[in-house]
Amino acid sequence: MHFVDRVRQRLDDAELQHNLKRTRGRNAASRAAAVAAFPDFDAVRARATEIRARVLRDLDLWLEAFEAKATESGATVLWARDGEHACELIIDIARRHGVRTVVKSKSMVSEEAGLNAALEAADIRPVETDLGEYILQINDNEPPSHIIMPVIHKSKEQVSALFARVHGTAPKTDIEALTHEARAVLRPQFLGADMGLSGGNFLIAETGSVAIVTNEGNGRLCTTLPRVHVALTGIEKVIPTLEDLSTLLRVLPRSATGQAITNYVSLLTGPRHAGDPDGPEHMYFVLVDGGRADLVGSDFEDMLRCIRCGACMNHCPVYQTIGGHAYGWVYPGPMGSVLTPLYQGLDKALDLPQAATLCNQCSVVCPVSIPLPELMRRLREKQMEQGLRPWRERLATRLWAWAAARPALYAWGARIAVRYLRWLADGRDRIQVMGLAPGWTAQRDFPAPAGATFRDLYARRRQGRA
Amino acid sequence: MSTRDDILGRLRRQLGRTGSGLAEARRRIRDEIDTPRSGPRPSPGDDPERFIGRARAMLSTVDGCATMDEVPAKVAGWLRAQGLTTRLVIAPAFAGLDWSGAGCEVRAGAAGPHDAVGLTGCFRAIAETGTLMLRSGADMPPVNSLLPDTHIAVVPRTCIVPDMETAWTHARAEWRHWPRAVNLVSGPSRTADIEQTIVLGAHGPYRVHLIIVG
Ligand code: SF4
């Protein structure tokens, strides 16, 4: 389905609109409160940006350093070309260790790769254990609508009906009771699983560890109880040292949920040691490229700094109106509007870089200072260069460019346009229906020109001075 | 070509690496790892006080006693007041205390699925965020702070440090082998996945109780 049709569908969905309104602005308010309570935020944010940028400049070597340390600790490091390859590698690991059930803690790369479907096809049962991801899995593998709050689009009534249907229990609308019902269903899954699959918020080169940031504790269970632990993540997630981890942990939870720290941060390094009473016997890393390597050194390298906090979508007026599913792939909001075309192809996501007002709020709150609107603008430019935009738009742009190169013609055209707009405004300061482009004013007014064109005003002022 | 070499090769092309540049960059990276630099850190105040305040803000409960010998009685008293069982699984590091004298029935070792209360120590306690730093090992099984509904942690006052960076510096100095797991724990497990409403006890403990010793 086309983006515009998906958006229309979402806007007409009264239940979804109601759910989106309930949380609109709340995450932004939590972040604002957390930042206000932490006077050093700007300095730490600048440092976090610098760390991520520095890693990307030597990404090949940081990956080598990480690999050497991880291997030394007894883990096996595997490399995947793309999502499909990652699935093959993981199925292979599962087969080698006779794995039948995999408990999973949240991993966006697993969503990128479509891992659950691949595991099921190989007769291996994946069980999502993050509460939100679990709700989506038992609802026919619905995709997440937010990168850290996957069921932000659902109401407790919807969850209640789903649990009653799938668990065969009496419907409850008490959120605490629903949460504990899921806990009771999932606890035996943790205890019985042969493999735990986690994502990785950071890979630490100094120690060869993966750092996992969670509140629920499912990440700890997945990486402690099963015999095999696989950490699946992108190659860009490496950071140099534990000090750098400490810095990034000061901005990630504050930007994401407004917490000073999450309940759990786990640093996992290799399989269990001799004498350890718990922990996996085997540990693997699957590091996925999936389009990342080609961004290093490109116009879009900034995007690789992303630490997946979700602040950009929490502050995006477009995301908060249409919800995450309208974006069509695993990453929604501003970061998705940049990542989807880069990872899936510019032609596969024609409207995403356009689905923004360029209000710049995302880039202001991004904890690693990614200039998201600027990247969207570059993607728009690329689409135009590659002739991917509709012919009308291309023609209009070409006409504009032709006129803009001829100052006299341009000035004359601008004067006519201003006159036309003032005629449309008919004495008011807003234009309600834009004559030649009524679509523009379907949802909003257009401000009427205040007076003469800038050029006329400028010319008059110079005359006055002379 | 292996996928690894392909990915690294493409990265090197994108980065415009040359032979001599590569050797120099490798040295730079070694240096960065060997002499880790900290970013800006919030200025420290009274660490134990900050730790207790922050731990409470993360919904841990906090109690204290003067010496290690008083810990079993403190634990028993708190468990009874909460209406919880005084049967617990303790980290072997605390097996030497007089638990039966305090009326507790303890097993030293790793928690299983049926243990209701788990007790651990901590490697360091971080004042900035009210966070426990726990390391794995035979004397300190991570499952004890994970599987039971209630987690009690013994926190010697001398273990409280201003921030995470200080704790890492101590870890590098003290640990001969890097442990399999380092868990930073800040209060009971929670989720806000349904309607952004916070519920405690998502998958891990419902309550975390700290006993500051000293
Ligand atoms: S782009 Fe920035 S704000 Fe958005 S998820 Fe990534 S790090 Fe967070």
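The values are calculated or read from the model by the stated rules, or taken from the named source; none is laboratory data. Keep in mind it's a predicted model, so treat the numbers as computed, not measured. Please note: Cβ atoms are built from the backbone with ideal geometry, for glycine as well, and neighbour counts cover all protein chains shown. Calculation scope for accessible area: heavy atoms of the full protein, side chains included, ligands and nucleic acids excluded. Shrake-Rupley method; radii C 1.70, N 1.55, O 1.52, S 1.80 Å.
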Determine whether A:Arg10 is basic (Lys, Arg) and at the interface with chain B (Cβ under 9 Å from one of its Cβ atoms).
no
Against the conditions (1) touching a residue at least 24 places away in the same chain (Cβ under 8 Å); (2) open to solvent by 90 Å² or more (accessible area, probe 1.4 Å); (3) farther than 18 Å from B:Ile152 by Cβ, where does B:Arg26 fall short? Just the number, please.
(1)
Would you tally the residues in region A:420-440 being assigned to a helix (DSSP H, G or I), out of contact with any strand residue (DSSP E or B) (no Cβ under 8 Å at 6 or more places or on another chain) and closer than 19 Å to A:Leu399 by Cβ?
2
Residues that are within 14 Å of another protein chain (Cβ to nearest Cβ), away from the ligand (no atom under 13 Å from the Cβ) and in a loop (DSSP other than H, G, I, E, B): does region A:298-311 have at least one?
yes
So A:Pro334 passes all but one of these: (1) open to solvent by 10 Å² or more (accessible area, probe 1.4 Å); (2) near the ligand (Cβ under 9 Å from one of its atoms). Which condition number does it fail?
(1)
For the structure I just gave you, tell me whether A:Glu64 is farther than 21 Å from A:Leu248 by Cα, free of Cβ contacts under 8 Å to residues at least 12 places away in the same chain and outside the structural domain of A:Cys366 (by TED's automatic domain parsing).
yes
Out of A:Ala231, A:Ala293, A:Ala260, report the one residue that is more than 14 Å from the ligand (Cβ to nearest atom), more than 11 Å from chain B (Cβ to nearest Cβ) and under 29 Å from B:Thr35 (Cβ atoms).
A:Ala231
Return the total of residues in region A:355-380 being of a type outside the set (D, E, K, R), more than 12 Å from the ligand (Cβ to nearest atom), surrounded by fewer than 17 Cβ atoms within 10 Å (Cβ to Cβ) and over 17 Å from A:Ala28 (Cβ atoms).
1
Please specify each residue of region A:38-86 satisfying the condition of being open to solvent by 30 Å² or more (accessible area, probe 1.4 Å), among the basic types (Lys, Arg) and closer than 18 Å to B:Leu11 by Cα.
A:Arg57, A:Arg81
Find the residue count for region A:263-286, including only residues that are of a type in the set (A, V, I, L, M, F, W, C) and at the interface with chain B (Cβ under 8 Å from one of its Cβ atoms).
3
Kindly list the number of the only condition in (1) touching a Ser or Thr at 6+ places or on another chain (Cβ under 7 Å); (2) within 14 Å of chain A (Cβ to nearest Cβ); (3) aliphatic (A, V, I, L, M); (4) open to solvent by 30 Å² or more (accessible area, probe 1.4 Å) that fails for B:Leu59.
(1)
Determine, yes or no, whether A:Thr340 is crowded, with 20+ Cβ neighbours inside 10 Å, more than 10 Å from the ligand (Cβ to nearest atom) and either away from chain B (no Cβ under 14 Å) or over 13 Å from the mean Cα position of the chain (by Cα) (or both).
yes
Under 25 Å from A:Gly333 (Cα atoms), hydrophobic (A, V, I, L, M, F, W, C) and not in a helix (DSSP H, G or I) - does that describe any residue in region A:192-202?
yes
The number of residues in region A:5-15 that are surrounded by 12 or more Cβ atoms within 10 Å (Cβ to Cβ) and over 20 Å from the mean Cα position of the chain (by Cα) is 5
Quick test for you: out of A:Ala46, A:Ala118, A:Ala36, A:Ala14, pick the one residue that is under 30 Å from B:Arg26 (Cα atoms) and either touching a strand residue (DSSP E or B) at 6+ places or on another chain (Cβ under 9 Å) or hydrophobic (A, V, I, L, M, F, W, C) (or both).
A:Ala46
So which of B:Leu84, B:Leu79 is more than 12 Å from chain A (Cβ to nearest Cβ), surrounded by 13 or more Cβ atoms within 10 Å (Cβ to Cβ) and assigned to a loop (DSSP other than H, G, I, E, B)?
B:Leu84
In region A:137-152, what residues are more than 7 Å from chain B (Cβ to nearest Cβ), crowded, with 22+ Cβ neighbours inside 10 Å and within 21 Å of A:Pro171 (Cα to Cα)?
A:Ile152
B:Leu134 - would you say it is in a loop (DSSP other than H, G, I, E, B) and within 20 Å of B:Arg190 (Cβ to Cβ)?
no
Residue ID - farthest from the chain's Cα centre (by Cα), chosen from residues in region A:270-288 that are outside any loop (DSSP other than H, G, I, E, B) and buried (at least 22 other Cβ atoms within 10 Å of the Cβ):
A:Met283
Taking A:Glu243, is it assigned to a helix (DSSP H, G or I), more than 30 Å from A:Arg24 (Cα to Cα) and within 16 Å of the ligand (Cβ to nearest atom)?
no
